[in-house]
Each structure stands twice: as C-alpha cells, then as structure tokens.
Amino acid sequence: MNSRSSNDIKAEAQRLGFFACGISKAGRVSEEEENHLRSWLARGMNADMEWMNNYLEKRLDPRLLMDGLQSIVSVAISYVPGKTLPEGEPQIAAYALGQDYHEVVKQKLRELAAFVYGAKGIASANFRVFVDTGPVLERYWAAQAGLGWVGKNRQLIIPHAGSMFFLGELFLDFELDYDAPMPNRCGTCHKCLDHCPTHALSADRQFDSTLCLSYQTIENRKELSEEARQKMGNTIYGCDICQTVCPWNRFATPNNIPEFQPKEELLHMTLDRWKQLSLDDYRRIFKGSAVKRVKYEGLMRNISNLFCKFTP
C-alpha cells in the first residue's frame, strides 16, 4: 500500500534532477483538445507520420492505457546544453546534442516509481512510465498538471524557465492531491510565428508538420522539400528557431546532467568533417543518440544540401 503524498513525490522528483513535477487526475481530454486533435489529423497536418493516427482513443483517454489509472505525474527535465556546436559550423537541435533522452528520463521515472512504492513493492505495483514512447498527449497532461502552458510554438512553456524540456509521465493507480492548470501567458507575443522559416505555425494553433524543418530533416525519408532546402540554414538535424526566439527562453539555464552533454568529438566537427562523415563515424559519434532516428542516409542528405549551399 502506497503512503507517499503528492509533496513527497514532487520532492523526490526534484532530487532525481527533474526541474518541475505536477500531478493531474486521469480522465478523457477536454472536448476542445479532442476536437483540435481530430481536426488536425483529418487535415493531414501529421504529414506521413501515420503512427499519429494509431491508438487515437488511447490518446484521448489514457485510462485505456492502464487498468485502474487514477493519477498522472508529469515531469520536465531541462536539455539546455552547457556547450554548443561552434558558431558558423553545421548545427544540431539542442535536444539531440547529448544521449537519447528516452532511456535517461525513463530510468529516472522508474526510480521515482521505486520511491513511491518502495523497493520491495515495486515488482508487483501497477504503474507505467512514458517518455515520448506511447500514445500520450504529454504537453496536454503537463499543462493540466500545472507545469506550464502550450505556447503558440506548440511547446510546453514553463514560466521563467522556457520550453527546452523533455517531458515524461508516471501513471499511478491511486488518487493524490492534484495541481491546477496554468493559464496561457503568451499574451500578444507572436515572435515564434513571425520567425518560423517555413510558416509551419499559425495563430489559430495549427501546426503543419509537412512544412516544419524538424519534420523535413528528421522524420521525412524522402527528398527535402524545395522550401526546406532553401530555409534550413546551417542546421542539419531539427530546428530550434521557434524556441530560441521565445522571450521565455531568455530565462533558460544550462543543465548539468552528464548524459545530456555533447561528446567532445561532436564539438569539434566542421563542415568539411561533416561532408566526409563515414558510416563508422556516424555510428561512433551518435551511439546512443537521438540523431540515430534520421539514419545515416538521411543525415548525409541534409549535409549534402548544406555543403552545396556553402560551396562556391
């Protein structure tokens, strides 16, 4: 029988390195959220990422993911890098500079679960952990748990901390004290909309994945769109523009988590070295990295486009 309180869980989450932790009551998402998601999918805004259509009912009601689910513990952990790639050289989205966040955050959530149930009770406990690995609307639930709000850039924004955070969830089968959602504080700011190179974002909360440079350079297995080739700048994996221009990210502070720090070899990469990147180099540099998602061929496609732009 668990005896941990909401405050106990939050204190342990902080000890484990999570920047923020909140708790919401599990249930079906709001009618507004459901209508928005259904409309977004119906309009094909998910590009060719068909997996987003899978398990729709479970996305809308997480209680279908775990019998007896009562509480959703949402956590956020910063990925603001302490070191960045050299200015003027090819860039990689900040979240992928270190080790793959999925297992790092999952392990911390398992440790949080062990604290909740006790080392002896965890083997028979009824819980689940998610880190961008299941049909969970993690930004929605983080907002419901009072961590922040979903901004116009479609990222969860934590006040006085910004949006560069990995999110995760711990599903529990008992009730706790729940946090209140936080009101949206983007106000009249629209910098992310103005600076998105391909206009993937719009004021009516729409987000067109097909246009997004992150989709184009990571998820897209085909040739880059003409617009992506023209607008991707010197970034060969992902895009951080809608975050870097967000005023809330001026408060962001670098994380000190060893797993999220870039390898020294990565910090010394230059345009010429990227062009000559071999499959063995790729496997060595990005072992255990989220960059593996794009695969070697996809990364070289992006690099080739960049090299053509910078070669007379």
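The values are calculated or read from the model by the stated rules, or taken from the named source; none is laboratory data. Values in this document were obtained by computation on a predicted structure and should not be read as measured data. Heads up, the Cβs are rebuilt from the backbone with ideal geometry, glycines too, and the neighbour counts pull from every protein chain shown. Side chains included, ligands, DNA and RNA excluded: accessible areas come from the protein's heavy atoms. Shrake-Rupley method; radii C 1.70, N 1.55, O 1.52, S 1.80 Å.
Could you sort LEU69, LEU271 by their accessible area in this structure, using a 1.4 Å probe and putting the largest first?
On the way: LEU69 10, LEU271 35 Å².
The ranking, largest first, comes out as LEU271, LEU69.
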What percentage of the solvent-accessible surface of the chain, computed with a 1.4 Å probe over protein heavy atoms, is contributed by carbon and sulfur atoms?
-> 51
Once every DSSP H run of n ≥ 4 in the chain is given -39500 (n - 2.57) and the sum is divided by its residues, what mean residue ellipticity at 222 nm do you get, rounded to the nearest 500 deg cm²/dmol?
-> -8500 deg cm²/dmol
Whose amide H sits under 5 Å from the amide H of ALA125, counting only residues 5 or more places off or on another chain, with H placed in the peptide plane?
-> none
Tilt, helix 31-42 to longest principal axis of the chain (alpha-carbon atoms), in degrees rounded to tens, equals 30
Considering only protein heavy atoms, what per residue accessible area in square angstrom results for the chain with a 1.4 angstrom probe?
-> 49
What figure in square angstrom, to the nearest 10, would you give for the accessible area of TRP248 with a 1.4 Å probe?
-> 40
Region 1-122, relative contact order [Cα under 8 Å, separation at least 6], % = 36
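Take every Cα pair under 8 Å in the chain that's 6+ residues apart, average their separations, divide by the length, and report that relative contact order as a whole percent.
Values: 517 pairs, mean separation 76.2, N = 312.
Relative contact order for the chain comes out at 24 percent.
Counting other Cβ atoms within 10 Å, which GluC sites (Glu not before Pro) in region 175-230 have at most 15 and lie in a DSSP loop?
Working: sites: GLU175, GLU219, GLU223, GLU226, GLU227; in loops: GLU175, GLU223.
Counting only loop positions with at most 15 other Cβ atoms within 10 Å, the GluC sites (Glu not before Pro) in region 175-230 are GLU175, GLU223.
Give, rounded to the nearest 20 debye, the magnitude of the charge dipole that region 56-163 has about its Cα centre when Lys and Arg contribute +1 at Cβ and Asp and Glu contribute -1 at Cβ. Mind showing how you got there, number by number?
On the way: 12 positive and 10 negative charges, 57 e Å.
Roughly 280 debye, rounded to the nearest 20.
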Treat each spin label as a single point 7 Å out from the Cα along the C-beta direction, and report the GLU265 to HIS160 distance in nm.
-> 4.2
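Find out how many positive minus negative residues lie around PRO254, taking Lys and Arg as positive, Asp and Glu as negative, among other residues whose Cβ is under 15 Å from that of PRO254.
On the way: positive: LYS83, ARG250; negative: ASP240, GLU259.
So the surrounding residues net to 0.
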Could you work out how far apart the two model spin labels at ARG221 and ASN53 are, taking each label as a point 7 Å from the Cα in the direction of the beta carbon, and quote it in nm?
-> 1.6
Cα to Cα, under 25 Å, and not fewer than 8 places away if on the same chain: which lysines meet these conditions relative to LYS295?
-> LYS83, LYS106, LYS222, LYS231, LYS263, LYS275, LYS287, LYS309
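For a protection proxy built on the mean count of beta-carbon atoms within 10 angstrom, sort 75-88, 151-164 highest first, please. Write down the numbers at each step before the final one.
Values: 75-88: 18.1, 151-164: 21.0.
Top of the packing list down: 151-164, 75-88.
Compute the Cα gyration tensor for region 1-99, then decide on rounded, prolate or oblate, letting a ≥ b ≥ c be the square roots of its eigenvalues: rounded whenever a/c is under 1.5, prolate when a/b is larger than b/c in the other cases, and oblate in all that remain.
Numbers: a/c = 2.88, a/b = 1.09, b/c = 2.64.
Judged from the Cα gyration tensor, region 1-99 comes out oblate (a/c at least 1.5, b/c at or above a/b).
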